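What follows is calculated from the coordinates using simple rules that are stated; it is not laboratory data. Worth saying up front: this structure is predicted, and the values here are computed from it rather than measured. Virtual Cβ from ideal backbone geometry, glycine too; neighbours counted across all protein chains shown.
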């Protein structure tokens, strides 16, 4: 059957094209040469998701030697349809983020989902698997399952997001992770807007430490704790940790990381190595807490001077400086050590 799309324009996905270019090590000029297009035409597609003629899309497909142009198109959940897009029993209400590249190089986008029959919302994370070979997809399986596995091992916890389910999308073109819906904002967004009140900052730091203690007790090292992965519920201001894709399981389970970790000012120096334990999480917690209390994040090595201006209780300053030590031997060995101090401070505030 003839494809009737050949008589109209289609929208190529810049993120998918960029990923294919990275996999092949191609520059814009090299892709343009292989696709028989000008560098300007290639740059235009990479800089904005706008319609192109089918013949142009076919040139991209030929250059990448793909079986179908569908592998270059924007995800079906982003397209305009006469009825709401859906995945299983969930309707896709709105995109909550652009495409994000995780530290393990997998790309995902977050969606607000609504249950088809029940008055129920969910947070859907859609991983893009289009263009992946079967072997590459299989290698990614452990990473795709890690978040849900972490949530299952932890169980119900008021400061850790609850996972609903996880499954492959139609045709294995994507992978979905469905979590409970948290109506609120990322901590990173709140910190950009304003310096948080001291009592709220202390409570977020304490609740984060309590969640991290639960993860560590379950034999899980978070490794990538940052304000980007902490949600603050709008009405209750409850702290909720999420994004556990890079967590390490201390039972010998396969790693989900690779050798190319992006720079992260909250990550412990040893976090990307195999020799890592809960003290890496204590370092990250210390950096997040420093940002909470100061309103800005000082450069590593300047924390002591920065804390002098914060007028903190001596025991709080002491435990923070220990947590921020580059040498993990100098850090507290468990989150209970910092929870005790912050519980006392919260009570006296």
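Can you put 126, 174 in order of Cβ neighbours within 10 angstrom, beginning with the fewest?
174, 126
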Helix 314-323 against the longest principal axis of the chain: what's the angle in degrees, Cα atoms only, rounded to the nearest 10?
40
In degrees, nearest ten, helix 14-24 long axis to first principal axis of the chain (Cα)
90
Summing -39500 (n - 2.57) over every DSSP H run of at least 4 in the chain, dividing by its residue total and rounding to the nearest 500, the 222 nm mean residue ellipticity is -11500 deg cm²/dmol
In nanometres, the difference between 0.36 nm per residue of separation and the alpha-carbon distance of residue 300 and residue 263 is 12.0 nm
Give the angle, between 0 and 90 degrees and rounded to the nearest 10, that separates the Cα long axis of helix 336-348 from the longest principal axis of the Cα atoms of the chain.
70
Using Cβ contacts closer than 10 Å as the measure, can you line up 123, 203, 65 from fewest to most?
65, 203, 123
What FRET efficiency, computed as 1/(1 + (r/R0)^6) with R0 = 51 Å and r the Cβ-Cβ distance, is obtained for residue 337 and residue 91, rounded to the nearest 0.05?
0.65
Where is the GNM fluctuation largest for the chain (alpha-carbon springs, 10 angstrom cutoff): 318, 291, 147?
318
Quick one: compute the contact order of the chain, relative version, from alpha carbon pairs under 8 angstrom and 6+ residues apart, as a percent.
12
For Cα extents along the principal axes in Å, with candidates [x] 73, 48, 41; [y] 66, 43, 39; [z] 61, 60, 37, the value calculated from the shown model is option [x]
Ordering 35-42, 274-281 by per-residue average of other C-beta atoms within 10 angstrom, highest first, gives 274-281, 35-42
List 52, 338 from most exposed to least, where exposure is judged by having the fewest other Cβ atoms within 10 Å.
52, 338
With the crude spin-label approximation of a point 7 Å out along Cα→Cβ, what separation in nm comes out for residue 318 versus residue 165?
5.2
